[in-house]
Amino acid sequence: MSEIPAGLKYAKSHEWVRVEGDTATIGITDHAQAELTDVVFVELPAKGRQLKAGESCAVVESVKTASDIYSPLSGEVVEVNEAVPENPALVNTEPFGGGWFFKLKLADPGELGALLDAEAYQAQIGG
Amino acid sequence: MLKRTPLFEAHCRLGARLVEFGGWEMPLIYSGIVEEHHAVRRAAGVFDISHMGDFTATGPGAEAFLDHCLTNDVTRLAVGQGQYTLMCNERGGVIDDLYLFRVKPQEYLLVVNASRIAADWDWLETQVDGSPTNDGFHLRDDSANLAALAVQGPGVVEFIGDLIHGGSMAGTLVADVRELKKNQWGSFVFRGNPLGVARTGYTGEDGFEIVVEAGQAEALFETLLETGAPHGLKPVGLGARDTLRTEMGYPLYGHELAEDITPLEAGLGTFVALDKPDFIGRQALLEQKQRGLERRAIAFRMSARSAPPRPDHRVMDGTGRQSIGRVTSGTQSPSLETGIGLALVDPAHAAIGTPLQISIRDRLFPAEILRKPIYRREPVKPD
């Protein structure tokens, strides 16, 4: 049974978004980390990079396979979580906490309307 | 429609995540690849290997026929012994790699790869017609009637005797299953039914492979899980099977072996008895040996943190300027916590200790060629 915190926004591609002011913190969901299994390598976007919503911006490798991670929103990467490439297992153990990926300064807050709430995401993953 | 083993329902009850492998629907992961991997290295794990094919060759002509079709020396097999061997085409390319057991004086069991059952059978049938010793033996495909389990790990000897009681009745004669030595085979009894047991495996750990009638497989699997649980036994899927065998540098058909790769290129020359008077592929392999190899299988380990290497990544020389080959198997080693792999490379760059660069998603990462196995158990410290 996956954890799906209320109050976050979710992308269909299994990223979560926490909005504070004009900044969004982005990571991957508990469901996504469980599907990926043991994460052994993470590559994050560089600080300062401009991302478009839906753009491939990070890579997560498990023992078995590599997966692309897509930015749910457009904006500039203002902070990356260096702890995650150092300790990729954080993605498995704390997907909504210490395992966050990066923060975006939002280019278009209107894009938030296209994301799912917890209930809709729950329905999508069939939990 | 994917094929399923007699243990399919049991895998589902255990919550396994399933995957397609060689036409079969098999368990990939039960509790987690890393956790299952460590169970095998530190305690014990059980694998469903019922998807593998089982051919039986019987009769006074079976030995000569198999010796003609297989690269290793069949005539050296005593009753109750097994050997790793390869089946080649005329060009010396590998049709399959397999284990051959002499279960009775005139009865052999061939355990072949799941993905190669049809190809192997067709090839052997063709050879039967063209065999110089074309009489006095019979070939049978028992794949559908037999199931098999591999139980592997340093803890297996603690409980295998609680599962398989008494001595063997045929093959290598022992009073207790634990007395079987590496590569030995014996016939035992489990709940009144016959059971073949070999001290073999694909993990680098001590262990046994058990061949059983399909109808008995589930009872054996459940009993094994129950008997082994107090000793740390876990069910293990194909995910950890792959990390375990890659750490040992063992080949997997379709990766290190194929119809256009020879056993010499794959580094399996010790299983090719070129001194036999004849076998299919011998001439081509002799010529290749005299001419020199154009590529060679190596094992490597990443020297710095990187994404895990994967099959078909390019292998570059140490300067990163020249492409010298390709990765055939690559993964993250749970034991070493670093990327490891096997590759086919230019023999000029194949010496132990040679620095390499692996191209992983268009970036180069340093690696080093190692002697196999990639993972070695640390010597046990006396205390």
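Here region B:22-63 is the region considered, the condition is being without any contact (Cβ under 8 Å) to a residue 60 or more places away in the chain and more than 16 Å from B:Asp242 (Cβ to Cβ), and the residue that is surrounded by the most Cβ atoms within 10 Å (Cβ to Cβ) is B:Glu63. Across region A:16-59, the qualifying residues are those that are within 13 Å of another protein chain (Cβ to nearest Cβ) and assigned to a strand (DSSP E or B), and the one among them that is nearest to B:Leu336 (Cα to Cα) is A:Val40. A residue that is in contact with a helix residue (DSSP H, G or I) (Cβ under 7 Å, 6 or more places away or on another chain) and among the hydroxyl-bearing types (Ser, Thr, Tyr) cannot be found anywhere in region A:78-94.
Which residue is surrounded by the fewest Cβ atoms within 10 Å (Cβ to Cβ), if the candidates are limited to region B:331-347 and must be touching a residue at least 24 places away in the same chain (Cβ under 8 Å) and out of contact with any strand residue (DSSP E or B) (no Cβ under 6 Å at 6 or more places or on another chain)? Don't jump to the end; show me each part of the working.
Quick first cut of region B:331-347, residues touching a residue at least 24 places away in the same chain (Cβ under 8 Å) only: B:331-336, B:338-347.
Next, from what is left, pick out any that are out of contact with any strand residue (DSSP E or B) (no Cβ under 6 Å at 6 or more places or on another chain): B:331, B:334-336.
Numbers: B:Thr331: 26, B:Pro334: 23, B:Ser335: 20, B:Leu336: 14.
Looking at the filtered set, the residue picked out is B:Leu336.
Just give me the residues in region B:293-322 being assigned to a loop (DSSP other than H, G, I, E, B), away from every other protein chain (no Cβ under 13 Å) and under 27 Å from the mean Cα position of the chain (by Cα), in sequence order. So that I can check it myself, show each step before the final result.
Of the residues in region B:293-322, the ones assigned to a loop (DSSP other than H, G, I, E, B) are B:293-295, B:303-313, B:318-322.
From what's left, away from every other protein chain (no Cβ under 13 Å): B:293-295, B:303, B:318-322.
Matches in region B:293-322: B:Leu293, B:Glu294, B:Arg295.
Kindly indicate whether B:Pro366 is within 30 Å of B:Glu35 (Cα to Cα) and within 25 Å of the chain's Cα centre (by Cα). No, not satisfied. Considering only residues in region B:262-292 that are among the aliphatic types (A, V, I, L, M) and within 17 Å of the chain's Cα centre (by Cα), the one that is nearest to B:Val345 (Cα to Cα) turns out to be B:Ala266.
For residues in region B:323-335 being more than 14 Å from every other protein chain (Cβ to nearest Cβ), more than 14 Å from B:Tyr250 (Cβ to Cβ) and of a type outside the set (A, V, I, L, M, F, W, C), which is nearest to the chain's Cα centre (by Cα)? Going through the qualifying residues, I end up with B:Arg326. Residues considered: B:Leu66, B:Leu70, B:Leu2, B:Leu77. Of these, the only one that is free of Cβ contacts under 8 Å to residues at least 40 places away in the same chain and either within 14 Å of chain A (Cβ to nearest Cβ) or buried (at least 18 other Cβ atoms within 10 Å of the Cβ) (or both) is B:Leu77. Among the residues making up region B:84-126, those that are surrounded by fewer than 18 Cβ atoms within 10 Å (Cβ to Cβ) and of a type in the set (S, T, N, Q) are B:Asn89, B:Gln106, B:Thr126. Look at (1) farther than 21 Å from B:Met87 by Cα; (2) surrounded by fewer than 19 Cβ atoms within 10 Å (Cβ to Cβ) and you find that B:Gly269 fails only one, number (1).
Rundown of residues vs (1) closer than 22 Å to A:Thr37 by Cα; (2) touching a Leu at 6+ places or on another chain (Cβ under 8 Å); (3) at pLDDT 95 or above, yes/no style:
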| site | (1), (2), (3) |
| --- | --- |
| B:Met1 | no, no, no |
| B:Pro6 | no, no, yes |
| B:His11 | yes, yes, yes |
| B:Glu20 | yes, yes, yes |
| B:Glu25 | yes, yes, yes |
| B:Leu28 | yes, yes, yes |
| B:Val34 | yes, no, yes |
| B:His37 | yes, yes, yes |
| B:Val40 | yes, yes, yes |
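Would you confirm whether any residue within region A:74-83 is out of contact with any Lys or Arg (no Cβ under 7 Å at 6 or more places or on another chain), crowded, with 16+ Cβ neighbours inside 10 Å and either within 14 Å of chain B (Cβ to nearest Cβ) or more than 30 Å from B:Leu336 (Cβ to Cβ) (or both)? Let's see the steps before the verdict.
In the first step, residues of region A:74-83 are kept if they are out of contact with any Lys or Arg (no Cβ under 7 Å at 6 or more places or on another chain); the result is A:81-83.
Add one more test, that the residue is crowded, with 16+ Cβ neighbours inside 10 Å, and what stays is A:81.
Subsequent filtering for residues that are either within 14 Å of chain B (Cβ to nearest Cβ) or more than 30 Å from B:Leu336 (Cβ to Cβ) (or both) retains none.
Scanning region A:74-83, I find no residue that is out of contact with any Lys or Arg (no Cβ under 7 Å at 6 or more places or on another chain), crowded, with 16+ Cβ neighbours inside 10 Å and either within 14 Å of chain B (Cβ to nearest Cβ) or more than 30 Å from B:Leu336 (Cβ to Cβ) (or both), so the answer is no.
Where strands (runs of 3 or more DSSP E) sit wholly within region B:39-91, those with at least 1 residues that are closer than 25 Å to B:Ala219 by Cα occupy B:44-48, B:53-58. Of the residues examined, B:Arg241 is one that is modelled with pLDDT of 95 or more, under 26 Å from B:Pro311 (Cβ atoms), assigned to a helix (DSSP H, G or I) and charged (D, E, K, R).
How about region B:118-190: which strands (runs of 3 or more DSSP E) wholly inside it have at least 1 residues that are of a type in the set (A, V, I, L, M, F, W, C) and farther than 30 Å from B:Ala44 by Cα? Spell out how you get there, then give the answer.
Values: elements: B:138-141, B:146-152, B:185-190.
In region B:118-190, the matching strands (runs of 3 or more DSSP E) lie at B:138-141.
Residues in region B:247-264 that are buried (at least 24 other Cβ atoms within 10 Å of the Cβ) and over 24 Å from B:Ala284 (Cα atoms): B:Glu247 only. The set of residues from region B:5-20 being within 14 Å of chain A (Cβ to nearest Cβ), surrounded by fewer than 18 Cβ atoms within 10 Å (Cβ to Cβ) and in contact (Cβ under 8 Å) with a residue 60 or more places away in the chain comprises B:Arg17, B:Val19.
Conditions (1) out of contact with any helix residue (DSSP H, G or I) (no Cβ under 8 Å at 6 or more places or on another chain); (2) within 14 Å of chain A (Cβ to nearest Cβ), marked per residue:
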{"site": "B:Val197", "(1), (2)": "no, no"}
{"site": "B:Thr200", "(1), (2)": "yes, no"}
{"site": "B:Val211", "(1), (2)": "yes, no"}
{"site": "B:Glu226", "(1), (2)": "yes, no"}
{"site": "B:Arg245", "(1), (2)": "yes, yes"}
{"site": "B:Gly254", "(1), (2)": "no, no"}
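Residue count for region A:46-81, restricted to those that are of a type outside the set (Gly, Ala, Ser), modelled with pLDDT of 95 or more and over 12 Å from the mean Cα position of the chain (by Cα): 11.
Going through region B:150-163 one residue at a time, which ones are under 18 Å from B:Glu213 (Cα atoms) and surrounded by fewer than 22 Cβ atoms within 10 Å (Cβ to Cβ)?
Correct list: B:Leu163 only.
When A:Ser71, A:Ser2, A:Ser13 are checked against the criterion of being away from every other protein chain (no Cβ under 14 Å) and surrounded by 20 or more Cβ atoms within 10 Å (Cβ to Cβ), a single residue qualifies: A:Ser71. The set of residues in region B:295-311 being crowded, with 18+ Cβ neighbours inside 10 Å, among the small types (Gly, Ala, Ser) and over 12 Å from B:Thr354 (Cα atoms) consists of B:Ala297, B:Ser306, B:Ala307.
The values are calculated or read from the model by the stated rules, or taken from the named source; none is laboratory data. Keep in mind it's a predicted model, so treat the numbers as computed, not measured. No Cβ is skipped: glycine too gets one built from the backbone with ideal geometry, and neighbour counts run over all protein chains shown.
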